[in-house]
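Contents: one structure, followed by commentary.
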Amino acid sequence: FQSFHVFLTDPSCAEKPEFTPSRLVVKYGDATSARCSLCESCSKDIFDLERALGDHTTNGTTIVWKVKNMTEWDTTPMCYFTNATDYQCCTILPITVYKPPNRVSISFLNHTGPMFMGHDYTLQCEVQKVAPVEKLSVTFYRGQTALAQLQSNNKQKKPVTEIFSLSITPRKEDNGLQYWCEAKLELGPEGPELPPLVTSQRATATVFYPITVTVGNPLQLNCSAAGNPGPSYFWLHSLHRLSTFLDGLLYIKSVTSEDEGQYVCMVSNNLGYINVTFNVVVKSEFKLQTVLCFFLLYLNL
């Protein structure tokens with residue numbers, strides 16, 4: 001580490017030293033270097049570099065700074081010169097030290113298993129040990145459709161673990177689709193050509209939604225299963241047993257409003273059992289017929 005005594009510092013002076021490159025982006029643990037140059041005509045008694053790590057060499061009006069392993073998360077080398085009147089002119093080299101996430105994972109907050117259409121759920125994308133987190137961009141996906149892009153307000157330069165949340169309301173069409181997220185470090189033009197990108201696992205959505213049928217139309221529910229020994233079936237409708245249905249197929253030729261509700265098909269053999277649930281909504285045509293009648297009556301007037 002090299003130190004110096006500051007008398008008067010002016011970072012906006014006209015003849016200040018220049019770093020090449022003017023900004024560094026370096027992966028933690030990698031090597032890096034920069035050059036500081038001073039104009040030939042600048043009057044100087046001292047021309048030097050303040051640094052927290054690495055080595056530097058001076059050759060006339062040029063200082064070369066080299067680091068074998070970047071092991072500081074927050075470091076800003078300062079190149080300066082001082083003249084005979086103790087006037088000091090300086091330039092600071094901005095450095096972004098980054099580290100890709102160890103792991104990215106997606107999950108549902110306080111929920112496991114199937115979801116219900118129209119209910120609200122919270123997706124969470126956890127990004128583990130990433131730096132700097134303020135440069136991180138997290139995108140949530142459903143299938144190949146981007147749902148939202150979030151960023152952090154955390155200014156911590158060292159690696160942190162951050163959780164990003166997104167509220168969703170599943171639709172019928174979402175059943176079987178996969179939710180996932182990706183974490184990307186947006187490091188700008190000085191960063192790597194391909195920005196560091198880590199994706200999560202895929203979480204397949206099972207969305208329960210009601211079966212809608214109109215009064216007078218047929219209804220067919222199927223929970224047929226294969227097993228050895230062969231399975232037996234037990235049907236319930238709104239907690240009442242339906243003794244007329246003894247296999248995996250439930251068929252009603254013409255539904256009425258009384259057929260609405262929850263149907264449970266219980267499938268079992270000597271080795272175990274499974275329940276399959278169907279939610280049936282019966283739509284009435286009464287309102288449509290009433291509106292039509294009033295419309296025809298109005299025409300007759």
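The values are calculated or read from the model by the stated rules, or taken from the named source; none is laboratory data. Note that the coordinates shown come from a computational prediction; the quantities given were computed from them, not determined experimentally. Counting neighbours? That spans all protein chains shown, and the Cβs are built from the backbone with ideal geometry, glycine included. Please note that ligands, DNA and RNA were not included when accessible areas were found on the heavy atoms of the full protein model with its side chains. Shrake-Rupley method; radii C 1.70, N 1.55, O 1.52, S 1.80 Å.
Observations on the model:
- Axis of helix 286-300 versus longest Cα principal axis of the chain: the two differ by about 80°, to the nearest ten degrees.
- Percentage, to the nearest whole number, of Cα pairs in the stretch 67-178 over 19 Å apart: 61 percent
- Within the chain, longest stretch clear of exposed trypsin sites (Lys or Arg not before Pro) (DSSP loop, no more than 10 other Cβ within 10 Å): 1-154
- With the convex hull drawn over the C-alpha atoms of the stretch 112-169, the volume per residue is 94 Å³.
- Across the cross-link table entries K27/K155; K68/K99; K155/K184; K158/K184; K16/K155; K135/K172, which are compared at the Cα atoms, the separations over 27 Å belong to K16/K155; K135/K172.
- Amide H within-cut-off set for Q201, under 5 Å, with H built and near neighbours excluded: I106
- Cα-centred dipole magnitude for the chain, charges only on beta-carbon of K, R (+1) and D, E (-1), debye, nearest 20: 740 debye
- Using the 1.4 Å probe convention, the accessible area of the stretch 9-97 works out to 51 Å² per residue with neighbouring protein chains retained.
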